[in-house]
Each structure stands twice: as C-alpha cells, then as structure tokens.
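All of the numbers you see were taken from the coordinates with simple rules; none came from a lab. What you see is a predicted model; the values in this text were computed from it and never measured. Cβ: placed from backbone, ideal geometry, glycine included. Neighbour counts: every protein chain shown.
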Amino acid sequence: MVIKVRDVVLELLLEPVFWDEKPEIRIAFNERELYAGHLGQEKKFNWTLPAQDSNRISVFFLNKRKNDTVGDKDKAIIIKSIGLEGLNYKSFLLKSKYQPQYPAGYLSLAKEKNLTTDPVINSNYLGFNGEWWLEFTWPTFLWIFQTETQGLGWIYEKNI
C-alpha cells in the first residue's frame, strides 16, 4: 500500500449491545461512506484515507426502536476506542460528540424526571439513533499534540 503525504490512518473499535436484533450502523469519513451494515460482535475497523484540512469521522446508529429497551436489556453501540496515526488516547473520545435523536416518549419522560436532553452531548455510548463524530484537523500529529497537551508546551508552526 502506498501512503501519500495527506493520508490519515484511522482505527475504530466498536462494540454492539443487543439482545434481539443486531444494531445497524453506517460509518463515514468526510461524508464518504466507509461501512454500512449490522454489527453482531465487537469489530475493529482500519482505514488509510486522504485527509483534508478539517476531517470528520462519523458513526450513525440507525435501527433503534422503542421495544429494543426492555428492563435492563438494550440496543446500543459503544465506541470503545479511536486510533489516529497509530496512536490511541482517551482524549480522542473526550473530543467526540454525539447527537441523539430522542424519541417523543423519552422527551416526555426526561421532562417529567428533569433529565437532560441536550441536542449534542459527549458520550461513547450510543443509546439512541443518531450521529456520533470526531472532528480533527490536518496535520493530524499537530491536532493530537494540541489535544493531548491542551495548549501546554510549544510546537513549530504549520508550514506544509
């Protein structure tokens, strides 16, 4: 495989939670579909893809229904880890966002019990249909450095 200068190496480790029907997902990078299908067991995805100045890896949870949550049984997707350029830090998960599509019944219950229904949250547990994503810039190593150090230290300016 030939790796180009603007390529980024991505890895996602996903785990399904289900008791009846397997969760259906779609994975996209910069709006390009990488995978679509059902997830029946923990799976690691690996890609080398052309990067842009701003990038977005997304996981869409598509087939959650009201009757998929019964007692302590649920249907969900867990984003277990994200790898960029062969590096895997928990800070990547902390930078990710999730936009759940709350069903009307949950919105009513949440209002009644004073539960949060923020439109975008930080969570690696996808318990509702919706989109989870991580946005990062290129060069990726600079983004990783800034994410890991949270602005501490110094690094050379981007000159590519």
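Just to be sure I understand the model, the point goes 7 Å from the Cα along the line to the Cβ. What's the resulting LYS44 to ARG32 distance in nm?
Simple spin-label model gives 2.3 nm for this pair.
So which aspartates and glutamates pass the test for LYS66, namely a Cα distance under 12 Å, with those fewer than 8 places away in the same chain ruled out?
ASP74
Taking a 32 Å limit on the Cα-Cα distance, which of the listed pairs LYS43/LYS113; LYS44/LYS113; LYS22/LYS97 fall beyond it? Mind showing how you got there, number by number?
Values: LYS43/LYS113 36 Å; LYS44/LYS113 37 Å; LYS22/LYS97 23 Å.
As for pairs spanning more than 32 Å Cα to Cα, those are LYS43/LYS113; LYS44/LYS113.
According to a simple spin-label model (label point 7 Å from Cα along Cα-to-Cβ), what is the distance in nm between ASP72 and GLU148?
Distance between the two pseudo-spin positions: 3.9 nm.
Residue separation times 0.36 nm, minus the C-alpha to C-alpha distance between ASN88 and LEU107: what's the value?
Working: separation 19, 0.36 × 19 = 6.84 nm, distance 3.49 nm.
In short, 3.4 nm is gained.
Give me the distance between the Cα centres of the stretch 105-130 and the stretch 22-49, rounded to whole Å.
Using only Cα atoms to place each centre, the spacing works out to 24 Å.
For Rg and Dmax of the Cα atoms in Å, one of [x] 16.4, 49; [y] 17.5, 56; [z] 22.1, 70 was computed from the structure I shared and the rest are decoys. Which label?
[y]
Taking the chain as a Gaussian network, Cα atoms linked when under 10 Å apart, which of GLY86, GLY105, GLY40 shows the biggest mean-square fluctuation?
Evaluated over the chain, the most mobile residue of the options is GLY105.
Read phi for every residue in the stretch 52-60 and hand back ³J(HN,Hα) as whole Hz from Karplus 6.51 cos²θ - 1.76 cosθ + 1.60, θ = phi - 60°, with x for Gly and Pro.
10, 4, 10, 10, 9, 9, 10, 10, 9
If you count, for each residue, the other Cβ atoms within 10 Å and average over each peptide, how do 10-18, 111-119, 47-55 line up from highest to lowest?
Numbers: 10-18: 18.7, 111-119: 8.7, 47-55: 14.7.
By packing density, highest mean first, the sequence is 10-18, 47-55, 111-119.
Counting each DSSP H run of 4 or more residues in the chain as -39500 (n - 2.57), what helix-only mean residue ellipticity at 222 nm follows after dividing by all residues, to the nearest 500 deg cm²/dmol?
The helix-only estimate for the chain comes to -4500 deg cm²/dmol at 222 nm.
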